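The values are calculated or read from the model by the stated rules, or taken from the named source; none is laboratory data. Predicted, not measured: the structure shown is a model, and the values here were computed from it. Backbone-built Cβ (ideal geometry, glycine too); neighbour counts: all protein chains shown. Side chains are part of the model used for accessible areas, which takes the heavy atoms of the whole protein and leaves out ligands, DNA and RNA. Shrake-Rupley method; radii C 1.70, N 1.55, O 1.52, S 1.80 Å.
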Amino acid sequence: MKRLSYFVSLYIYTLLIPQDVLGQDSLSAQKISLSLDIYSKHLWRGFSNGTSISIQPGFQYNYHNFSAGIWGAYAIDGSYTELDLYASYTIGNIEVMLFDYFCPVNPVQTFNFFEFRKGRTKHTLDLNVVYSNQSKHPFSLHLATMIFGDDLNTDTGNNYYSTYIEPALNLKYNKTRIKLFAGFSPFKGYYAANISLINTGLSVSRKFQIARKFVLPVNTIIALNPSNGKLAISLGLNI
């Protein structure tokens, strides 16, 4: 399975990345960025991960419509750890993304990042398609399906292919951005035992001018998971 995963990754890389990306003439079109987010709690698709402040560093490479990166989340009390790899390609108003979520059992005893055997791996490959056209309307749509990994039906041993669908409304008022979202799962799987509304709420973000050359983006997320009745609030700083 390790060899299969390697060749799948190599194929995706070859398919997505432009062939002249390593050429000297293309250097000016390449961009590398670093990020560091700090959230009071890590929220994801209706779930609260960890029980403390979450430190979330990121590294991203961009070349025209292609991007790839590494992103992590670590709860400072050791209750949650995540390390993700991803690649994306944008065509017009459509962005196609492939995530490799790696979420080891916490507290982490062994960091088996290269374990890809079915039923044992803590990796999950998640294929995402996002539509957004903010210049014409405020609506966006996010579809994601888990295609391999830690998403198994324990009764059959087969993947659920758990799917998440999130329509959203994106608004802007003065310097504040507001996103209203309502994510649901259309069938039984990782997210819920049947078709369920799992992630409803809003996020509010704004950039504050702290000094002449320093702007601090602040983001607040309020999310309710109707399928389990849990409400979560998270405040984040984007550095």
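Computed about its Cα centre, the charge dipole of the range 95-193 is approximately 420 debye, with only Lys, Arg, Asp and Glu carrying charge at their Cβ. Which shape class applies to the range 59-213: rounded if a/c is under 1.5, otherwise prolate when a/b exceeds b/c and oblate if not, where a ≥ b ≥ c are the square roots of the Cα gyration tensor eigenvalues? Prolate. Counting only residues at least eight positions apart within a chain, or on another chain, the lysines with an alpha carbon under 23 Å from that of K31 are K207, K213.
Extension gain, I70-L197: 0.36 nm per intervening residue step, less the Cα-Cα distance, totals 42.8 nm.
Look at the dipole of the chain built from charges on Cβ: of Q30, V218, N174, the Cα furthest out on the positive end belongs to N174. Between N238 and V215, full extension at 0.36 nm per residue minus the direct alpha carbon distance yields a gain of 7.3 nm. Taking the charge dipole of the range 82-139 about its Cα centre, with +1 at Lys and Arg Cβ atoms and -1 at Asp and Glu Cβ atoms, the residue from T110, G92, H137 reaching farthest to the positive side is T110. Once the Cβ-Cβ distance of T51 and H137 is raised to the sixth power relative to R0 = 30 Å, the FRET efficiency obtained is 0.15.
Placing pseudo-labels 7 Å out from each Cα toward the beta carbon at N106 and L127 gives an inter-label distance of 3.0 nm. Placing +1 on each Lys and Arg Cβ and -1 on each Asp and Glu Cβ, with no other charges, gives the chain a dipole about its Cα centre of roughly 680 debye. For the chain, the mean residue ellipticity at 222 nm estimated from helices alone is -2000 deg cm²/dmol, where every DSSP H run of n ≥ 4 contributes -39500 (n - 2.57) and the total is divided by all residues, rounded to the nearest 500. The stretch between F187 and Y161 holds 8.4 nm of extra length on full extension. This uses 0.36 nm per residue minus the Cα-Cα distance.
A simple rule links phi to the HN-Hα coupling: the Karplus curve 6.51 cos²θ - 1.76 cosθ + 1.60 with θ = phi - 60°, which for the range 132-146 gives 7, 9, 5, 6, 10, 7, x, 8, 9, 9, 10, 10, 9, 9, 6 Hz, with x for Gly and Pro. For the range 27-84, the solvent-accessible area of protein heavy atoms averages 49 Å² per residue (probe radius 1.4 Å; ligands and nucleic acids excluded).
Run the accessible area of the range 109-157 with a 1.4 Å probe and give the carbon-and-sulfur part as a rounded percent.
Roughly 58 percent, rounded to a whole number.
Mind checking the per residue accessible area of the range 108-239 for me, 1.4 Å probe, whole number of Å²?
61
Relative to the Cα centre, the charge distribution of the range 35-103, modelled as +1 at Lys and Arg Cβ and -1 at Asp and Glu Cβ, gives a dipole magnitude of about 100 debye.
Sorting R206, R212, R120 by accessible area puts them as R212, R120, R206; the probe is 1.4 Å, largest comes first, and only protein heavy atoms count.
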